[in-house]
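Chemist: Provided herewith is a single structure, encoded as structure tokens, for subsequent inquiry.
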Amino acid sequence: MKKNTRNYKVGQTRLENQKKILEAAEVEFANHGFKGASMSNIADMAELPRANVHYYFKNKQELYLTVLMDIVTLWNDAFNQIKPEDDPKDAIQAYIRAKVMYSKKNPLASKIFANEIIHGAVHFRQYLGTEYREWIRGKHDVIQSWVDQGKMDSIDPFHLIFLIWSSTQYYAEHAIEVSTTLGKKNLTAKDFEAVVDSLSHIIIKGCGIK
């Protein structure tokens, strides 16, 4: 029993330390990009010795890729379970809501991902061309099945997905522009609900979904 308790505590400490490191890494990569980010700064923000950071992540690239994969996994999870028999209105609206709320709750994720893409996806190109491409192809096929069933207009599924990504992530990547234009310091929960409603109406109606 004592051994199991000790193992549990060690496991909990490991998870807590990794969480601290990843949260600090998000801030550092969002503010400075991959090249400008410092493992020392990440260790300081996580309130851990630098040696501890390297114990869990052997170098900056491994930590950066882990952050990127966590972002993509979170985003993809909101659209993973769509099926040909689903109502496209419900599925698309749920995805739009999830993506808008990610921009609200975790704007750093969008900034990190956008910065990687803008700089040529140097560290993420292989994944984008393999697993990520396969994931998108699967979603494309489901949306195409909705088109074939007459549930929506004949639109290109890829461009629908790109439109949802760009419109929802805009509120994280351009938060200052949006809030300043609207004359606000920050967007409120009510503002984000309005974003969900507006984007859902525009995109769903544009797809010819009743």
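A short reminder: the numbers here are calculations on the coordinates, not readings from a lab. Just so it is clear, the model here is predicted, and its values are computed rather than measured. With ideal geometry, Cβ positions are generated from the backbone for all residues, glycine too; neighbour counts draw on all protein chains shown.
Chemist: Under a plain spin-label model, where a point goes 7 Å from the Cα along Cα-to-Cβ, how far apart in nm are Q149 and A194?
Modeler: Label-label distance for Q149 and A194, simple model: 3.5 nm.
Chemist: For the pair K105 and Q18, how long in nm is the line joining their label points, each one 7 Å along Cα→Cβ?
Modeler: Label at K105, label at Q18, 2.0 nm between them.
Chemist: Calculate one ³J(HN,Hα) per residue across the stretch 199-208 by plugging θ = phi - 60° into the Karplus curve 6.51 cos²θ - 1.76 cosθ + 1.60, and present them in order as whole Hz with x for glycine and proline.
Modeler: Once rounded to whole Hz, the list reads 5, 4, 4, 5, 6, 5, 5, x, 8, x.
Chemist: Please report the orientation-averaged projected area of the chain, defined via the convex hull of its C-alpha atoms, in nm².
Modeler: 15.1 nm²
Chemist: Another question, if that's okay. Take the Cα atoms of the stretch 137-210, find their three principal axes, and give me the spread along each one in whole Å, biggest first.
Modeler: 45, 25, 16
Chemist: Please report the net charge: other residues with Cβ closer than 14 Å to the Cβ of L128, K and R +1, D and E -1.
Modeler: 0
Chemist: Sticking with this one: Which trypsin sites (Lys or Arg not before Pro) does the stretch 12-60 hold that lie in a coil by DSSP with at most 12 other beta carbons within 10 Å?
Modeler: Working: sites: R14, K19, K20, K35, R50, K58, K60; in loops: K58.
Passing both the DSSP loop test and the Cβ count: K58.
Chemist: Also, I was wondering about something else. Where Lys and Arg each count +1 and Asp and Glu each count -1, what net charge lies around D90 among other residues with Cβ under 13 Å from its Cβ?
Modeler: +2
Chemist: Can you tell me which of 121-133, 198-210 comes out highest on packing, and rank the rest after it, using the mean Cβ neighbours within 10 Å?
Modeler: The peptides rank, most packed first, as 198-210, 121-133.
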